[in-house]
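The values are calculated or read from the model by the stated rules, or taken from the named source; none is laboratory data. Nothing here was measured: the structure is a model prediction, and the numbers come from that model. As a convention, Cβ positions derive from the backbone with ideal geometry for all residues, glycine included, and neighbour counts pool all protein chains shown.
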Amino acid sequence: MQRKDRYIIIMAGGRGERFWPVSRERKPKQLITLLGDRSFLQQTVDRVKPVAPLENIFIITNTVQAAAVRRQLPELPKRNIIGEPCGRDTCAAVALGAALVGARSGNGVMAVLPADHVIPNENKFRRVLIDSMALAKREPALVTIGIQPHEPATGYGYIQVGNKLTKFSAKSLKSTFFTAKKFVEKPNLATAKRYLKSGNYRWNAGMFIWSYETIAAELCRQQPKLFAAAEKWRGIRGLANLNAALAGDYPKLEKISVDYAIMENARNIVCADGVFGWDDLGSWPALARHLKPDVAGNCAVGDLVQVDSANNVVFDARTRNRAPIALVGISEMIVVQTDDATLVAHKSESQKIKQIVAHLAKAKRFTHLV
């Protein structure tokens, strides 16, 4: 397929509360720098630049974060960065992305990608992505990329795969594709171990590829109200006019994920084998997978001095008055320091950081920290 027919929709509207206090509502996880010198969103755009022209890359964020996104991505056309007026989960973002693509081309193929994942082997990722787009161009398939699991993770949804699709193993497509039998929720540990042992399950990474015609047909069949809204948006010209329409339409939309709204009842789902390294980096402890530990297993960004302390994650995000962080007799902890807040939490309780954010939001004197 021609490069001009490839479109990328990057979903970048999350709040990233699990990475508080570095991540805040106005500058959430996808806009912060935890690894390297580029934000996760910038890394995502860099990763897909060889796949599609810049004018075909769209960012769907929210109105609070839109200005920050534009500052981080000055190379993208301003009209390609759209702020949702309120959160309505991923299906609304998919419908909006389809409208944006459909307004440009009825022959387009779009990839819908999260903005905050870590993918070290970008060449392998692009190979799978390009092959998936080629398949979606020639077949009326809803393609999702499933990641080969390497551990019995309980924090991800899974995709049960069926038979390998041999008809797509032509010379032009190097990737492996399977039928997708069903999507399953986050399992308990025993179930996750069974999934891993079977070899017939993949992690659901929330990456989707389809032609405009295919996703429009599925929206029309399964979500007619959302399809009608998308058709309206497709006919609007000018970012200001589109923003005005979204402001009126979005609050009326159902809040539902694309997994529930489309994928669970679709009949034409194909799963591409994600053979590249991948991490959704969902919490502070996950950061340790990408940092070099000291002899005691401590992973630190910043100056750490420790005595009898092991397996801690330390992150110093201060921009002024930086000084060493000293630990004595501390193990399995998260310590994060910013200019205006400090987090100390046990690694096993990292999912409760969202509760801290909720508590801060209720207190007037702390709302600036949210």
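Of note:
- Any hit, region 55-75, residues being closer than 17 Å to residue 118 by Cβ and either not in a loop (DSSP other than H, G, I, E, B) or not assigned by TED's automatic domain parsing to the domain that holds residue 108 (or both): no
- With respect to (1) in a strand (DSSP E or B); (2) among the charged types (D, E, K, R); (3) closer than 30 Å to residue 229 by Cβ, the lone exception for residue 259 is condition (1).
- From the list 183, 178, the one residue that fits, being hydrophobic (A, V, I, L, M, F, W, C) and either more than 16 Å from residue 145 (Cβ to Cβ) or touching a helix residue (DSSP H, G or I) at 6+ places or on another chain (Cβ under 7 Å) (or both), is 183.
- Test: residue 342 is modelled with pLDDT under 95 and either among the polar types (S, T, N, Q) or surrounded by 14 or more Cβ atoms within 10 Å (Cβ to Cβ) (or both): no
- For region 134-147, the criterion of being touching a Ser or Thr at 6+ places or on another chain (Cβ under 8 Å), over 23 Å from residue 92 (Cβ atoms) and surrounded by 19 or more Cβ atoms within 10 Å (Cβ to Cβ) is satisfied by at least one residue.
- For region 216-247, the tally of residues that are buried (at least 16 other Cβ atoms within 10 Å of the Cβ) and not in a helix (DSSP H, G or I) stands at 2.
- Among the residues of region 174-190, not a single one is in a helix (DSSP H, G or I), more than 29 Å from residue 106 (Cβ to Cβ) and in contact with a Phe, Trp or Tyr (Cβ under 6 Å, 6 or more places away or on another chain).
- Search result, residues across region 18-31 that are in contact (Cβ under 8 Å) with a residue 24 or more places away in the chain and out of contact with any strand residue (DSSP E or B) (no Cβ under 6 Å at 6 or more places or on another chain): 18, 19, 20, 22, 24, 25, 26, 27, 28, 29, 30, 31
- Residue in region 123-140 that is part of a strand (DSSP E or B) and either at pLDDT 95 or above or of a type in the set (Ser, Thr, Tyr) (or both) present: no
- Filtering 193, 186, 197 for residues that are over 23 Å from the mean Cα position of the chain (by Cα), of a type in the set (D, E, K, R), surrounded by 13 or more Cβ atoms within 10 Å (Cβ to Cβ) and more than 26 Å from residue 3 (Cβ to Cβ) leaves a single hit, 193.
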